[in-house]
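Step one of this worksheet: look at the structure below.
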Amino acid sequence: MGHVIAVAGKGGTGKTTTCGLIIDYLCKQNKGPVLAVDADANANLNEVLGVEVQATLGSIREEIAQAELQLESPIPVGMSKQDYASWRFTNEAVVEEDDYDLLVMGRGQGTGCYCFVNDLLRAQIMKQAQNYRYLVVDNEAGLEHISRGTLPHMDTLLLVSDCSRRGVQAVGRVSRMVEEMKLNPKTIKLIINRAPGGVLSDGIKEEIANQKLDLIGVIPQDETIFEYDSDGKPTSKVGADNPVRVAVNDIMKKLGF
């Protein structure tokens with residue numbers, strides 16, 4: 001299986017834009033094939049990358065789980081759930097681009113038993129993941145899919161916080177949760193995003209030390225990223241000299257990618 005880079009942090013910190021720029025960096029460095037996985041319940045990695053999504057694993061899971069309750073099942077006669085899940089996964093759930101593929105996990109499940117369907121999708125993901133050199137996973141702060149085993153282990157965990165004490169405290173809790181759950185990534189690093197002028201105050205540096213976090217890089221606050229987002233443009237497509245892109249590229253080089 002390829003190297004799994006998991007990006008985590010609370011909503012509103014610029015985590016998904018950072019994730020999109022990481023994917024773009026790997027592709028431009030010819031590190032592919034790359035599988036981008038949107039595992040955040042508030043899925044918008046596709047918008048950052050500028051691609052359309054047909055179906056999510058959540059929608060496929062719902063459909064299969066409810067199939068037996070419907071008078072007209074969507075599963076063709078003579079086709080097993082396993083084969084149907086595999087077909088939907090391959091033909092609809094994975095969005096294929098030139099340099100990477102995108103898989104959107106989708107929202108959480110509804111009522112009822114989903115164990116069988118979750119096992120099917122877990123098997124499909126593990127099978128698919130073997131075809132990629134890198135998996136870049138955009139997670140919510142709770143790392144739900146990784147902690148449940150729906151997604152593979154983590155090799156590198158990047159914790160993204162905005163330039164605030166509360167943000168740093170939030171990713172500090174994520175770091176402790178990772179330790180408590182024994183997820184055992186090989187590398188855990190902190191990225192501070194949206195720092196005014198790309199500089200950290202003494203108070204933020206103090207809080208990073210208090211949380212025992214290992215800072216790998218600082219991403220400056222940038223008006224162009226805000227404008228792209230406001231205009232509905234994919235923020236991963238900012239220019240090569242954009243300070244946010246430059247900062248993310250430098251972080252990836254420090255990590256050895």
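Taking a ≥ b ≥ c as the square roots of the eigenvalues of the Cα gyration tensor of the range 132-244, is the shape rounded (a/c under 1.5), prolate (a/b larger than b/c) or oblate?
The shape class here is oblate.
Would you grab the residues whose amide H sits under 5 Å from the one on Arg194? Only those 5+ places off in sequence or on another chain, please, with H modelled 1.01 Å from N.
Amide H neighbours of Arg194, under 5 Å, 5+ apart: Ile219, Gln221.
Can you tell which of Gly14, Gly239, Gly106 shows the greatest fluctuation in a Gaussian network model of the chain with Cα springs below 10 Å?
Top of the fluctuation ranking is Gly239.
Roughly what would the spin-label model give for Glu52 and Val77, points 7 Å off Cα along C-beta, in nm?
Here the answer is 3.4 nm between the modelled labels.
Which whole-number value in Å² is the accessible area per residue of the range 111-257, probe 1.4 Å?
Value for the range 111-257: 50 Å² per residue.
Taking the chain as a Gaussian network, where each spring joins two C-alpha atoms under 10 Å apart, which residue of Ser175, Ser80, Ser164 fluctuates the most?
Ser80
Dividing the convex hull volume of the Cα atoms of the range 1-102 by its residue count, what figure in Å³ per residue is obtained?
Taking the convex hull of the Cα positions in the range 1-102, it is 124 Å³ per residue.
What helices does the chain have that are whole DSSP H segments, at least 18 Å long along their own axis by Cα, and with mean Kyte-Doolittle hydropathy of 0.5 or more?
Long hydrophobic helices here: none detected.
What does the helix-only formula give at 222 nm for the chain: each DSSP H stretch with n ≥ 4 adding -39500 (n - 2.57), the total divided by the residues, and the result rounded to the nearest 500 deg cm²/dmol?
Calculated from helices alone, the mean residue ellipticity at 222 nm is -11500 deg cm²/dmol.
For the chain, give the percent of accessible area contributed by carbon and sulfur heavy atoms, probe 1.4 Å, rounded to a whole number.
Of the solvent-accessible surface of the chain, carbon and sulfur hold 46 percent.
What is the distance in Å between the Cα centres of the range 197-247 and the range 128-150?
Taking the Cα centre of each part, the range 197-247 and the range 128-150 sit 23 Å apart.
Would you list, by chain and number, the lysines whose Cα falls below 21 Å from the Cα of Lys237, excluding same-chain residues fewer than 8 positions away?
Straight-distance partners of Lys237: Lys15, Lys28, Lys31, Lys253.
Each label point is 7 Å from the Cα along the Cα-to-Cβ direction; what then is the distance between the points at Ala209 and Met1, in nm?
Going by the 7 Å Cα→Cβ label model, 3.8 nm.
Can you give the FRET efficiency to the nearest 0.05 for Ala123 and Asp202, using r as the Cβ-Cβ distance and R₀ = 51 Å?
According to the calculation, E is roughly 0.55.
Name the most mobile residue of Glu47, Glu223, Glu144, meaning the one with the largest mean-square fluctuation, in a Gaussian network model of the chain with Cα contacts below 10 Å.
The residue that fluctuates most here is Glu223.
The values are calculated or read from the model by the stated rules, or taken from the named source; none is laboratory data. A quick note: this is a predicted structure, and the numbers were derived from the prediction, not measured. Here the Cβ is made from the backbone with ideal geometry for all residues, glycine too, and neighbour counts use every protein chain on show. Side chains included, ligands, DNA and RNA excluded: accessible areas come from the protein's heavy atoms. Shrake-Rupley method; radii C 1.70, N 1.55, O 1.52, S 1.80 Å.
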